[in-house]
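The values are calculated or read from the model by the stated rules, or taken from the named source; none is laboratory data. All figures in this text were calculated on a predicted structure; none of them were measured in a lab. Cβ: placed from backbone, ideal geometry, glycine included. Neighbour counts: every protein chain shown.
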Amino acid sequence: MTTDIALKPALLLNLVMDEVNPVSDEASLLGDEASFAIGEASFAIGEASFAIGEASFAIGEA
């Protein structure tokens, strides 16, 4: 009987973690996707900045 009482919190924790882990994994995936989107946006900003620099240089030469 004592062993059963000692195991119940561990079993309950396992049940809770079985529910939490998929949610945690999904949140991690969403974070990865957001990070990738931020990286793409940063790259686009860099390209736009380069194009502005080229245009500015062309204006300076004209």
### Message
Being out of contact with any His (no Cβ under 7 Å at 6 or more places or on another chain) and at pLDDT 90 or above is the requirement here; does residue 54 meet it?
### Response
yes
### Test for residue 29: is it assigned to a helix (DSSP H, G or I), over 20 Å from the mean Cα position of the chain (by Cα) and either in contact (Cβ under 8 Å) with a residue 60 or more places away in the chain or surrounded by 10 or more Cβ atoms within 10 Å (Cβ to Cβ) (or both)
no
